[in-house]
1. Can you confirm whether ALA113 is more than 17 Å from GLY39 (Cβ to Cβ), out of contact with any Phe, Trp or Tyr (no Cβ under 8 Å at 6 or more places or on another chain) and in a loop (DSSP other than H, G, I, E, B)?
2. Considering only helices (runs of 4 or more DSSP H) fully contained in the range 123-186, which possess at least 3 residues that are in contact with a helix residue (DSSP H, G or I) (Cβ under 6 Å, 6 or more places away or on another chain), within 30 Å of LYS28 (Cα to Cα) and modelled with pLDDT of 95 or more?
3. Among the residues of the range 66-74, are any of a type in the set (Asp, Glu) and modelled with pLDDT of 95 or more?
4. Of the residues LEU92, LEU99, which is modelled with pLDDT of 95 or more and assigned to a loop (DSSP other than H, G, I, E, B)?
5. Among the residues of the range 76-110, what is the count of those that are closer than 19 Å to ILE30 by Cα, touching a residue at least 40 places away in the same chain (Cβ under 8 Å) and open to solvent by 20 Å² or more (accessible area, probe 1.4 Å)?
6. Looking for whichever is part of a helix (DSSP H, G or I) and within 15 Å of the chain's Cα centre (by Cα) here; the options are ALA76, ALA85. Which one fits?
7. Could you tell me whether any residue of the range 118-127 is farther than 17 Å from LEU7 by Cα, touching a residue at least 40 places away in the same chain (Cβ under 8 Å), buried (at least 24 other Cβ atoms within 10 Å of the Cβ) and out of contact with any Phe, Trp or Tyr (no Cβ under 8 Å at 6 or more places or on another chain)?
8. Is it the case that some residue within the range 142-154 is in contact with a Phe, Trp or Tyr (Cβ under 6 Å, 6 or more places away or on another chain), surrounded by 13 or more Cβ atoms within 10 Å (Cβ to Cβ) and hydrophobic (A, V, I, L, M, F, W, C)?
Amino acid sequence: MIKQLVLGVTGSIAAYKAAELASILSQKGILIDVVLTEGAQRFIGALTFTALTHREVVTNLWDEEQPSRPTHIELADAADLVVIAPATANMLAKMAHGLADDALTAILLATKAPVLVAPAMNGKMWEHAATKANVEILMSRGVEVIGPESGLLACGYEGVGRLWPVELIAARVEELLGLSQVKRNS
């Protein structure tokens, strides 16, 4: 059975790594619907993801082909898993407080699928009490948070805040979708 994934990409310098994630998962036969926030589009374009997934990319809550069947509701219903990689501090805050002012946050509020987030941000932002509180709220609601890891950050600081390695995110996605177990039994 083909698994369907919503991949949300937010406005972090690590957004370019989401293209590699989409490529890896697409090659595994996962149907991927990419949703780019406005911030993500400052770092990477929709065409990249369309080429990798062979699917249209959602960039705007209001671009509906059929307004009677909103795209954000269709994707929320169809998703077997929603992954946000990278997830910025802003996105974590929106998720924790139930904001739905763009396509990605509207999907998150409407889906019953499991949600996996892979944060990436400056270490000072990650360590801030508000971000820590938002992560705790999300985890208490069943959202799985992987990372971030330590290392050299794009801003030049050394510390926690780097996106988890794409291969590890992909492996976790496969586990959550039940694909890694299928491969072992094949």
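The values are calculated or read from the model by the stated rules, or taken from the named source; none is laboratory data. The structure displayed is predicted, hence computed values, not measured ones. Backbone-built Cβ (ideal geometry, glycine too); neighbour counts: all protein chains shown. The area values use the complete protein model at the heavy-atom level, side chains included, leaving out ligands, DNA and RNA. Shrake-Rupley method; radii C 1.70, N 1.55, O 1.52, S 1.80 Å.
1. Yes; evaluated as a whole, the condition is true for this residue.
2. 166-176
3. Looking through the range 66-74, none of the residues is of a type in the set (Asp, Glu) and modelled with pLDDT of 95 or more.
4. Residue meeting the stated conditions: LEU99.
5. Counting residues in the range 76-110 that are closer than 19 Å to ILE30 by Cα, touching a residue at least 40 places away in the same chain (Cβ under 8 Å) and open to solvent by 20 Å² or more (accessible area, probe 1.4 Å) gives 2.
6. ALA76
7. Yes, the conditions are met somewhere in the range 118-127.
8. So far as the range 142-154 goes, yes, one or more of its residues are in contact with a Phe, Trp or Tyr (Cβ under 6 Å, 6 or more places away or on another chain), surrounded by 13 or more Cβ atoms within 10 Å (Cβ to Cβ) and hydrophobic (A, V, I, L, M, F, W, C).
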